[in-house]
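Take a look at the structure set out below.
Derivation of every value follows stated rules applied to the coordinates shown; laboratory data play no part. None of these values were measured; they are calculated from a predicted model. Every residue, glycine among them, receives a Cβ derived from its backbone with ideal geometry; neighbour counts consider all protein chains shown.
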Amino acid sequence: MNRRYRKTIIAGNWKMNKTPLEAKTLIEEMKPLLAKCKWCEMVLCVPFTDIQTAVKSARGSKIAIGAQNMHFEKSGAFTGEISADMLKEMGVKYVIIGHSERRQYFNETDIDCNKKVKVAIAAGLRPILCCGETLEEREQDVTLEVVRKQIKIALRDVSPDDIKKVVIAYEPIWAIGTGKTATAEQAGEVCSAIRDCLRELYGARAARAITVQYGGSMNAKNALELLTQPDVDGGLIGGASLKAPDFAAIVEAANQ
Ligand code: 13P
């Protein structure tokens with residue numbers, strides 16, 4: 001973390017978990033535990049069907065609500081899809097774009113991510129753009145190339161002014177939901193390479209102000225060590241964001 005230049009953001013990604021009633025219960029449980037949070041922003045990216053309840057339950061707290069995906073068209077004949085404007089009107093502040101599960105199971109490409117990032121920003125949402133390598137790519141020693149390519153395509157034509165609204169989440173695919181975390185050095189190395197790439201695209205000043213999160217089995221135990229890396233500015237948390245004490249412990253680590 002480097003709080004002098006950028007915000008630390010701890011975001012939960014609930015994935016396909018929690019009904020609206022369960023969402024309400026979990027947020028009510030989290031609220032008192034998160035009340036002391038001073039230095040970081042907290043976000044919960046909930047299923048579409050939980051958004052209304054989550055926004056209502058989080059009212060009066062510092063928790064912002066995010067979505068996990070959106071469509072890149074403004075409106076139209078896209079059965080089953082949700083637009084950026086719909087999310088915005090519901091009170092959503094953040095939207096995850098290009099999560100590896102979307103890429104893997106729903107064939108999302110870097111070009112789709114690029115369209116979504118631009119549409120999200122235009123609607124007034126902050127995209128959390130995900131990138132990360134597979135185990136095979138890491139073993140082939142092409143991690144940095146893979147991540148750079150993902151970032152460069154997804155941010156194409158995003159203006160220097162708009163880049164301030166983007167959060168990047170580095171999520172090595174082999175660490176997602178596996179209980180296998182990247183070491184602090186591995187996370188730090190890739191997050192720093194991401195910042196180098198942002199520097200090339202937008203200059204040193206802009207790059208220094210962008211929040212780059214780590215995601216992949218981040219939990220109450222390993223959060224502090226990961227967050228001590230200078231270029232790791234927060235976390236995108238799956239499993240551990242479904243338990244109030246665990247999520248609160250990660251937020252506490254980010255406040256140290
Ligand atoms: P886990 O924390 O469950 O590994 O999930 C990480 C993730 O995919 C967050 O988007």
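Across all Cα atoms of the chain, the radius of gyration (one decimal) and Dmax (whole number) stand at 16.7, 48 Å.
Considering only ALA123, ALA58, ALA204, the Gaussian network model of the chain with Cα springs below 10 Å gives its largest mean-square fluctuation to ALA204.
Amide hydrogen proximity for GLU41: with H placed 1.01 Å from N in the peptide plane, the residues at 5 or more positions away or on another chain lying under 5 Å are THR8, ILE9, ILE10. Peptides 196-203, 49-56 ordered by packing proxy, namely the average of other Cβ atoms within 10 Å per residue, highest first: 49-56, 196-203. Listed by chain and number, the lysines placed with their C-alpha closer than 18 angstrom to that of LYS18 are LYS31, LYS56, LYS243; residues fewer than eight positions away on the same chain are left out.
The alpha carbons of the range 83-180 occupy a box of 42, 27, 21 Å along the principal axes, longest dimension given first.
Of the residues ASN219, ALA122, PHE78, the one whose Cα sits farthest towards the positive end of the charge dipole of the chain is ALA122 (charges of +1 on Lys and Arg Cβ, -1 on Asp and Glu Cβ, taken about the Cα centre).
Its Kirkwood hydrodynamic radius, worked out from the mean inverse distance over all distinct Cα pairs, puts the range 119-256 at 15.2 Å.
Rounded to the nearest Å, what's the spacing between the alpha carbon centres of the range 12-32 and the range 183-232? Just the number, please. Measuring centre to centre over Cα atoms gives 27 Å. Rounded, prolate or oblate, given the Cα gyration tensor of the range 1-144, with a/c below 1.5 counting as rounded? In terms of gyration-tensor shape, oblate. Scaling against 2.2 N^0.38 Å puts the C-alpha radius of gyration of the range 70-111 at 1.23.
For the pairs LYS36/LYS115; LYS74/LYS180; LYS24/LYS116; LYS15/LYS74, flag any whose C-alpha to C-alpha distance is greater than 30 Å.
Beyond 30 Å between Cα atoms: LYS36/LYS115; LYS74/LYS180.
Within straight-line reach of LYS62, meaning a Cα separation under 20 Å, sit the following aspartates and glutamates at least 8 residues removed in sequence or on another chain: GLU22, GLU28, GLU29, GLU41, ASP50, GLU89, ASP233, ASP246, GLU252. Helical runs (DSSP H, four residues minimum) scored at -39500 (n - 2.57) apiece and divided by the length of the chain put the mean residue ellipticity at 222 nm at -12000 deg cm²/dmol.
Under 1.5 on a/c is rounded, so check that first for the range 1-40, then, if it is not, pick prolate when a/b is larger than b/c and oblate when it is not; a ≥ b ≥ c are the square roots of the alpha carbon gyration tensor eigenvalues. Taking the square roots of the gyration eigenvalues as a ≥ b ≥ c, the range 1-40 is oblate. Expressed as a whole number of Å, what is the distance separating the alpha-carbon centroids of the range 125-146 and the range 44-92? One Cα centre to the other: 26 Å.
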